[in-house]
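The values are calculated or read from the model by the stated rules, or taken from the named source; none is laboratory data. Everything quoted here is computed from the prediction, not taken from an experiment. So basically every Cβ, Gly included, is an ideal-geometry build from the backbone, and we count neighbours across all protein chains shown. Note: accessible area is taken over every heavy atom of the protein model, side chains too, but ligands, DNA and RNA are not part of it. Shrake-Rupley method; radii C 1.70, N 1.55, O 1.52, S 1.80 Å.
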Amino acid sequence: MLWLALHFASLPLEVYARAGHASAAVAIADGAHTIVACNEAALKLGIRRGMPHAAASALSSELHVVPRDIAAEEAALERIAAWAIQFTPAVSIVRPAEVLLEVAGSLTIFRGLKHLWTEVQEGLRALGFSASIACAPTPLAAQWFARAGLPVRLRHGDALRASLPDLPIAVTQAAPEALALLDNVGAKNVSDCLALPRDGLARRLGQPFLDDLDRALGALPDPRAFFVPPTVFKAAQLLPAPAHEADMLVFVARRLLNELCGFLTATANGAQCLTFTFSHHKLEPTKLTLSLVEATRDVEHLTNVLRERLDRTTLREPVTALALESELLLPLASRNLSLLPDAGQLKEAATHLVERLRARLGDDAVQGLTRYADHRPERAWRTCEPGTHDAVHTLIASRPLWLLERPLPLSEVGGVPYYDGRLSRLTRAERIESGWWDGHDVMRDYFVACNPAEALLWVYQERNPGGGWFLHGFFA
């Protein structure tokens with residue numbers, strides 16, 4: 001087995017700060033009014049972890065102290081675990097700030113440990129989280145190395161036994177009393193503990209401490225419970241400050257969309273309907289639903305569609321928080337990419353274009369067309385949802401792509417129709433007589449005609465006495 005440990009030392013800060021490029025000094029305080037995390041700007045002011053809230057505030061009036069949100073941290077860990085399942089189904093959460101991945105079976109798929117490591121690291125950066133990563137043959141050893149901030153990649157037990165003893169005792173996260181006792185006897189690292197008599201160590205620190213040492217070295221089994229992802233995706237993000245600009249909201253939404261797409265990849269699903277909820281200070285939340293033509297897990301496309309919708313959405317008050325929920329998930333298989341565009345890629349590109357146009361112009365402005373059993377051209381079609389089985393995917397050769405909403409009367413000279421010049425008929429008459437049963441009967445002779453500019457037109461002549469010429473459509 002091979003374990004990848006992700007240790008999120010700054011999780012209390014990042015669940016808040018990842019929603020923006022905060023240049024202000026920010027610190028997180030727990031229930032005991034102690035600083036548990038702070039950003040770079042706060043460090044420059046002299047703020048340090050473990051400092052009392054009052055002392056930190058006294059150092060600078062510019063410091064913004066935010067209460068720690070344990071529930072948000074736990075929710076973030078679960079979303080990270082769900083996202084990580086795209087790399088391996090064996091993912092385990094170790095609260096309060098670690099996620100474990102058993103990756104031995106994934107190395108071939110991801111072209112080795114180096115590439116897998118890079119993908120995990122870059123993916124976490126896109127989510128807005130930073131993690132210390134370490135790899136070891138046992139889960140507990142990987143956790144200890146990650147806590148120490150050592151990015152080791154140990155593949156074999158011999159390397160583990162040679163490297164583990166150098167770790168400081170603090171990485172075991174033993175009780176403060178146990179750490180103080182070990183410090184009193186001069187035990188500074190794991191090797192010092194291993195050199196002490198086991199019986200005496202067990203009496204003073206308890207057998208669980210010795211068991212942890214054995215588990216880390218692989219002498220005892222260390223089974224882990226694997227995380228089971230939820231059936232729907234839900235995520236929320238508090239904003240550092242009220243925001244009204246679309247760019248800021250898209251930045252925050254993209255963080256959540258990256259989590260969503262990782263979750264969708266892990267569960268082999270695609271999203272066809274998503275709901276964004278924008279919370280305000282006083283007014284009711286603004287809900288924005290993205291209904292897609294086809295299910296997708298393309299984060300770039302989802303971001304573009306959201307941006308188009310936000311551009312035509314009026315927010316009556318600045319946004320204080322943003323939430324994302326999947327309304328409709330459908331199975332979506334992975335697709336192998338080809339060197340040249342294939343039919344699947346072309347269809348996907350067309351679908352993405354339709355969805356962006358609908359996001360910009362509105363759903364009713366972009367429709368599909370389906371045939372209807374009627375000889376009258378203006379009644380031989382109906383609108384339908386784009387991408388449905390009813391939509392027309394082929395054209396009738398003798399019919400124009402552009403049909404005018406109302407036929408345009410044409411001028412005549414000596415019985416010959418004119419439109420930007422004299423029209424020349426290129427085909428024999430196609431007679432259409434229909435509609436007598438509904439009171440909208442027509443009697444027409446249709447022709448494909450050409451004007452001096454060589455534009456192809458679809459024209460007809462009324463067969464009624466004194467019937468004139470009309471333009472009904474244009475050929476592409």
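Just need a number here: residues in the range 305-328 that are open to solvent by 40 Å² or more (accessible area, probe 1.4 Å) and under 19 Å from the mean Cα position of the chain (by Cα). The total comes to 5.
Every listed requirement among (1) in contact with a Gly (Cβ under 7 Å, 6 or more places away or on another chain); (2) within 20 Å of residue 127 (Cβ to Cβ); (3) part of a strand (DSSP E or B) is met by residue 294 save one, (2). Kindly evaluate residue 289 against the criterion of being part of a strand (DSSP E or B) and either open to solvent by less than 40 Å² (accessible area, probe 1.4 Å) or touching a Lys or Arg at 6+ places or on another chain (Cβ under 8 Å) (or both). No: the conditions fail for residue 289.
One residue stands out among those in the range 3-27 that are more than 22 Å from residue 62 (Cα to Cα) and in a loop (DSSP other than H, G, I, E, B): the one that is least open to solvent (accessible area, probe 1.4 Å), which is 8. Of all residues in the range 463-474, those being buried (at least 16 other Cβ atoms within 10 Å of the Cβ) and either in a loop (DSSP other than H, G, I, E, B) or not small (Gly, Ala, Ser) (or both) number 4. Applying the condition of being open to solvent by 20 Å² or more (accessible area, probe 1.4 Å) and in contact (Cβ under 8 Å) with a residue 12 or more places away in the chain to the range 125-139 and asking which residue is farthest from residue 183 (Cα to Cα) yields 126. Might you check whether a residue that is within 55 Å of the chain's Cα centre (by Cα), of a type in the set (Asp, Glu) and surrounded by fewer than 13 Cβ atoms within 10 Å (Cβ to Cβ) occurs anywhere in the range 415-427? So far as the range 415-427 goes, yes, one or more of its residues are within 55 Å of the chain's Cα centre (by Cα), of a type in the set (Asp, Glu) and surrounded by fewer than 13 Cβ atoms within 10 Å (Cβ to Cβ).
The residues of the range 332-356 that are of a type outside the set (S, T, N, Q), surrounded by 15 or more Cβ atoms within 10 Å (Cβ to Cβ) and either at pLDDT 75 or above or within 23 Å of residue 288 (Cα to Cα) (or both), listed by number, are 332, 352, 354, 355, 356. Considering only residues in the range 231-282 that are acidic (Asp, Glu) and outside any loop (DSSP other than H, G, I, E, B), the one that is surrounded by the fewest Cβ atoms within 10 Å (Cβ to Cβ) turns out to be 247. If the Cβ limit is 9 Å and pairs must be 6+ apart or interchain, which residue in the range 55-80 that is in contact (Cβ under 8 Å) with a residue 40 or more places away in the chain and open to solvent by 50 Å² or more (accessible area, probe 1.4 Å) pairs with which residue that is of a type outside the set (Val, Ile, Thr) and part of a strand (DSSP E or B)? Close Cβ pairs satisfying both conditions: 64/27; 64/240; 68/29; 68/37; 69/238. What number of residues within the range 310-326 satisfy the criterion of being within 22 Å of residue 385 (Cβ to Cβ) and at pLDDT 90 or above? Of the residues in that region, 1 qualify. Give the range 209-221 a look and list any residue that's assigned to a loop (DSSP other than H, G, I, E, B) and out of contact with any Gly (no Cβ under 7 Å at 6 or more places or on another chain), or say none. Residues satisfying the conditions are 219, 220, 221. Of all residues in the range 105-120, those satisfying the criterion of being in a helix (DSSP H, G or I) and either on the phi > 0 side of the Ramachandran plot or surrounded by fewer than 16 Cβ atoms within 10 Å (Cβ to Cβ) (or both) are 105, 114, 115, 118, 119.
Each row is one residue, and each column tells you yes or no for (1) of a type in the set (S, T, N, Q); (2) surrounded by 14 or more Cβ atoms within 10 Å (Cβ to Cβ); (3) on the phi > 0 side of the Ramachandran plot; (4) in contact with a helix residue (DSSP H, G or I) (Cβ under 6 Å, 6 or more places away or on another chain).
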| position | (1), (2), (3), (4) |
| --- | --- |
| 175 | no, no, no, no |
| 185 | no, no, no, no |
| 195 | no, no, no, no |
| 199 | no, no, no, no |
| 203 | no, no, no, no |
| 215 | no, yes, no, yes |
| 226 | no, yes, no, no |
| 229 | no, yes, no, yes |
